[in-house]
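Notes follow the structure.
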Amino acid sequence: MTAGPTWEALDPVRGLSNHSSGKMGYAVAAAARKAGADVDLISGPTALSAPSGVRLIAVRSADEMMAAVQNGIDRCDIFIGVAAVADYRPAHAEESKIKKNDERVTLELVRNPDILSWVSAHHKRPFTVGFAAETNNPLEYARAKLASKNLDLIAVNHVSNQNNPFGSDQNQLVVISATDESDLGRKSKTQLAAELVGVIARKFHERHKTQNS
Ligand code: CTP
């Protein structure tokens, strides 16, 4: 699984990132471990320590996160993408600190790879779970992402003034599959993670049963 933000360097001391604290992803990693899974947690920079029994693979950029995911894909039955991966990175990362010479500078950004889409298109496709944080029309966008990224499940939270999950210990999640949707409500990330892992395990076994029957 992936968690946390990514850090896209501009120069050795600066970069682009986002407000993901990693708390939701680390809670999912702990819950999956508790449920008996062997967990690789590929994480961007956070202030958190790895849950006990979970293998932490620390990365910074989306490219590094992608490389770590590609490295582990062959031994992965379930992939959960919780990371807030930067969609764009600076076209050039300077090797030395950028000096303040100009009144105005323009940043050129290039698209990062979509890690989750790469996983779901892999020939050994694991059971694939995505996350989405949306400020508008969360359910519609999440249903569209479930289809466009070819996911088994997507967990969506509505980011609003009433619910800003970034850095918080609480969150509000709805879990969507092609056939059903369940609102897990608003509660602690630890509790939500346990319930989400329960849904993932149930759906994973259902898929196995259908594939083997
Ligand atoms: N994701 C990923 N690689 C990316 C971007 C996103 O693996 N380069 C994953 C996230 O980990 C999450 C899911 O895709 O599980 C949804 O991320 P989100 O940022 O909501 O979707 P985007 O595809 O980036 O769409 P948009 O930003 O346009 O809403």
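The numbers here are math on the coordinates, done by the rules we state, and not lab data. Since we're looking at a predicted model, the values are computed, not measured. Positions of Cβ are backbone-derived with ideal geometry, glycine not excepted, and every protein chain shown enters the neighbour counts.
Looking at segment 118-133, can you tell me whether even one residue there is among the aromatic types (Phe, Trp, Tyr) and within 12 Å of the ligand (Cβ to nearest atom)?
Narrowing segment 118-133 to residues among the aromatic types (Phe, Trp, Tyr): 118, 127, 131.
Filter again for within 12 Å of the ligand (Cβ to nearest atom), leaving 118, 131.
Yes: one or more hits.
Filter segment 115-136 down to the residues that are exposed (fewer than 10 other Cβ atoms within 10 Å of the Cβ) and either touching a strand residue (DSSP E or B) at 6+ places or on another chain (Cβ under 6 Å) or over 25 Å from residue 165 (Cα atoms) (or both) and list them by number.
Scanning segment 115-136 gives a single hit, 123.
Residues that are buried (at least 22 other Cβ atoms within 10 Å of the Cβ) and among the aliphatic types (A, V, I, L, M): list the strands (runs of 3 or more DSSP E) wholly contained in segment 6-56 that include at least 2 such residues. Write out each step before concluding.
Values: elements: 8-11, 14-16, 40-43.
Counting at least 2 such residues, we get 40-43.
Within segment 71-86, take every residue that is within 16 Å of the chain's Cα centre (by Cα) and part of a loop (DSSP other than H, G, I, E, B) and give me the one that is farthest from the ligand (Cβ to nearest atom). Let's see the steps before the verdict.
Restricting attention to segment 71-86, the residues satisfying the condition of being within 16 Å of the chain's Cα centre (by Cα) are 72-73, 76, 78-86.
The next check asks that each one be part of a loop (DSSP other than H, G, I, E, B); those that pass are 76, 82-83, 85-86.
On the way: 76: 14, 82: 6, 83: 5, 85: 4, 86: 7 Å.
Only one residue fits best here, namely 76.
For segment 31-38, does any single residue satisfy the condition of being basic (Lys, Arg) and within 14 Å of residue 82 (Cα to Cα)?
So far as segment 31-38 goes, no, none of its residues is basic (Lys, Arg) and within 14 Å of residue 82 (Cα to Cα).
For the subset of segment 87-114 comprising residues that are among the aliphatic types (A, V, I, L, M) and within 15 Å of the ligand (Cβ to nearest atom), which member is surrounded by the most Cβ atoms within 10 Å (Cβ to Cβ)?
Out of the qualifying residues, it is 109.
Tell me which residues, restricted to segment 127-149, are over 15 Å from the mean Cα position of the chain (by Cα) and not hydrophobic (A, V, I, L, M, F, W, C).
Start the filter on segment 127-149 by keeping residues that are over 15 Å from the mean Cα position of the chain (by Cα), which leaves 135-141, 143-144, 147-148.
Within segment 127-149, 135, 136, 137, 138, 140, 141, 143, 148 meet the criteria.
Could you give every pair whose Cβ atoms fall below 6 Å, whose first residue belongs to segment 125-144 and is in a loop (DSSP other than H, G, I, E, B), and whose second residue is within 10 Å of the ligand (Cβ to nearest atom), counting only separations of at least 6 or pairs across chains?
Listed by first residue and then by second, the contacts come to 126/79.
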